[in-house]
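> Take a look at the following structure, please.
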Amino acid sequence: MNVLIDNLPKILSGFWLTVQLLVVSGVVATLLGTILAGMRVSPVPVLQRAGTAYVTVFRNTPLLIVFLIVVTGLPAVGLQYSFFVRAIIALSLYTAAFVCEALRSGINAIQAGQAEAARAIGMTFGQSLRLIVLPQAFRAVVPPLASILIALTKNTAIAEVFGVTEASYQLDSLVRDFPTALWWLFAGIAIGYMIIVFVIAGGASLLERRWTVTR
């Protein structure tokens, strides 16, 4: 127990980096996933095929492979970013495919008559999607999006392999320095991840209840 207390600043700094990875990657993935979902339901065949190809590739590629491609590939083409930025890019590209599918399921759950009514009053596809369809789709898929964010929280641990000093990296470092306190260290880091997960789940539950009342 004393090991956890004595190294609390180091552990907290690791979790702070984990939270940064989660928040930035989550925002970027949500924006990209929304664009991809729009492409997948677009009336333009080329956009549909491009969106489908993206989702198919990234959903069926292990995240570690995505990390390897981004971490080694970007410097090869002259893009010299920090490992932290490259980790965000890899996590965002991977997670966006899952956000896209969650949103697409929400879009498909909306009655077709609403989109038809929007077209009847002169709205373009983009206007209908932005003003009518997507707001309802987001309300419908709060639980799946929360699950994706929870998965993203755990996926951030892969960044330690590439030198990002997030929570899992700090755990490995402390285990090497204090091997006799292995179980205390595992328990402390696990509790930290659980707190993040509970915050996401609690926030999603609160948001879902509020939007349900609004509907």
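The values are calculated or read from the model by the stated rules, or taken from the named source; none is laboratory data. The model shown is predicted, which means the values in this text are computed figures rather than measured ones. Here Cβ is always computed from backbone atoms with ideal geometry, including for glycine, and neighbour counts include all displayed protein chains. Note: accessible area is taken over every heavy atom of the protein model, side chains too, but ligands, DNA and RNA are not part of it. Shrake-Rupley method; radii C 1.70, N 1.55, O 1.52, S 1.80 Å.
> So how do 19-28, 64-73 stack up, highest first, on mean other-Cβ count within 10 Å?
Highest-to-lowest ranking by the protection proxy: 19-28, 64-73.
> If you average the C-alpha positions of the stretch 122-154 and of the stretch 22-52 separately, how far apart do those two centres end up, in angstrom?
Answer, in whole Å: 11.
> Okay, next question. Can you tell me how the chain classifies by the Cα gyration tensor, rounded, prolate or oblate, using a/c under 1.5 as the rounded cut?
Oblate.
> How high is the FRET efficiency between Ala151 and Arg119 when r is their beta carbon distance and R₀ equals 30 Å, given to the nearest 0.05?
So, using R0 = 30 Å, E works out to roughly 0.25.
> If you roll a 1.4 Å probe over the stretch 74-211 with all protein chains in place, what percent of the accessible area is carbon or sulfur?
66 percent
> In terms of the Cα gyration tensor, with a ≥ b ≥ c the square roots of its eigenvalues, is the stretch 17-95 rounded because a/c is under 1.5, prolate because a/b exceeds b/c, or oblate?
prolate
> Something else now. Which residue fluctuates most in the GNM of the chain (Cα springs below 10 Å): Ala201, Ala97, Ala76?
Highest fluctuation among the options: Ala76.
> Please name which of Ser25, Pro9, Met39 has its Cα lying farthest along the dipole of the chain towards the positive end, using unit charges on Cβ (Lys, Arg +1; Asp, Glu -1) and the Cα centre as origin.
Met39
> In square angstrom, what is the accessible area per residue of the stretch 88-137 with a 1.4 angstrom probe?
47 Å²
> Got a number for the accessible area of Trp211? Probe 1.4 Å, square angstrom, nearest 10.
The accessible area comes out at roughly 70 Å².
> Please give the calculated 222 nm ellipticity per residue for the chain, where each DSSP H segment of at least 4 residues contributes -39500 (n - 2.57) and the sum is spread over every residue; nearest 500 deg cm²/dmol?
About -26500 deg cm²/dmol.
> Going by the alpha-carbon gyration tensor, a ≥ b ≥ c the square roots of its eigenvalues, is the stretch 61-118 rounded (a/c under 1.5) or, if a/c is not under 1.5, prolate (a/b greater than b/c) versus oblate?
prolate
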